[in-house]
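Just so it is clear, none of the values below were taken in a lab; they were calculated from the coordinates. Treat the numbers as computed from the prediction; the structure is a model and nothing was measured. Heads up, the Cβs are rebuilt from the backbone with ideal geometry, glycines too, and the neighbour counts pull from every protein chain shown.
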């Protein structure tokens, strides 16, 4: 490396190191992973509960064609609804071998929770939906 390339490399390294140091101090409350989850701008932390083996997760989706088709139809019906929030569009829809559909994840309001449950019941049947959706805490804009 000659002098002409060394100085720009040195400057670039200084910029990168400086921006990394700034990012580390930007959120002093995010010292531990749990604190980082709680203080993040999305609801990723809510998914912490999925670490409990008793809670259904997306990897427990049945691979039977009937279950996959049911999940697909529910997911499509949800995504087609433009009046629902991004949270609602990203809920977990899990169907087991017996056709039982479980809805999990955060939504913006009780109304969204009810609407999503109704969408699933209209497709899967009233007795085949377990609505475990939770209303996410609204963050104030400051």
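Each label point is 7 Å from the Cα along the Cα-to-Cβ direction; what then is the distance between the points at residue 82 and residue 68, in nm?
Using points 7 Å along Cα→Cβ, the separation is 3.2 nm.
Would you order 94, 135, 107 from fewest to most other beta-carbon atoms within 10 Å of each residue's own beta-carbon? Please list the in-between numbers first.
Working: 94 21, 135 14, 107 24.
Listed from fewest to most nearby Cβ atoms, that is 135, 94, 107.
Taking neighbour counts of Cβ atoms within 10 Å as a proxy for exposure, in what order, fewest first, do 132, 80 appear? Please list the in-between numbers first.
Values: 132 16, 80 10.
The most exposed by this proxy come first: 80, 132.
Would you list 126, 71 from fewest to most Cβ contacts within 10 Å?
On the way: 126 10, 71 21.
Going from least to most buried by this count: 126, 71.
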